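The values are calculated or read from the model by the stated rules, or taken from the named source; none is laboratory data. As the structure is a prediction and not an experimental result, all values here were calculated from the model. Cβ coordinates were reconstructed from backbone atoms using ideal geometry, including for glycine residues, and neighbour counts include every protein chain displayed. Quick note on the areas: whole protein, heavy atoms, side chains included, nothing else; ligands and nucleic acids left out. Shrake-Rupley method; radii C 1.70, N 1.55, O 1.52, S 1.80 Å.
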Amino acid sequence: MRLSDAQEQTLRLAAWCRRLALLLDLNVPLVQAVELAAQSVGELSEILLPLCKRVRAGETLTDAINDQPEEFPLFVRAAVLAGEHAGRLPQALLGLAECLEQERLLEIRPAAADLAEGMQEPPAVALTRELLAAAARE
């Protein structure tokens, strides 16, 4: 089964979130991490190039992402905001990657939803949910 363009875009965004989380966990400075992660997901360059420029200019990742609402869904923007605010951006990005991947898996293979019922939620997904709730309260 071939993925739609939207599904491929979502999986690329998940890969970017995962790579950015890894780089930040390795203490790579945000500017370099954003640029390196963008290079590793070349298919998103038209979206990530302006983002890289804005972060390089000193903006927060949240501010840069918020100016591209058509490219970054609300829950992605909220999770990045919560992660930055809580000082846990790598964990928030990892949770986002897992959520995006799970969303596509359930969309592509609906039978997977039956298998997922009753399974424990991955820790990164639980943390992202917690960070989103905290951001909503503030």
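Out of curiosity, is Thr10 open to solvent by less than 50 Å² (accessible area, probe 1.4 Å) and modelled with pLDDT under 85? When the stated conditions are applied, Thr10 passes them. The sole residue among Leu81, Leu23, Leu36 that is part of a helix (DSSP H, G or I) and surrounded by fewer than 19 Cβ atoms within 10 Å (Cβ to Cβ) is Leu36. Taken over segment 39-56, the residue count meeting the criterion of being in contact with a helix residue (DSSP H, G or I) (Cβ under 8 Å, 6 or more places away or on another chain), buried (at least 17 other Cβ atoms within 10 Å of the Cβ) and part of a helix (DSSP H, G or I) is 6. Apart from one condition, Ala64 fits all of (1) surrounded by fewer than 16 Cβ atoms within 10 Å (Cβ to Cβ); (2) over 21 Å from Glu98 (Cα atoms); (3) small (Gly, Ala, Ser); the exception is (1).
When you go through (1) touching a Leu at 6+ places or on another chain (Cβ under 8 Å); (2) of a type in the set (Gly, Ala, Ser); (3) at pLDDT 90 or above one by one for Gly58, which number turns out not to apply? The number of the failed condition is (1).
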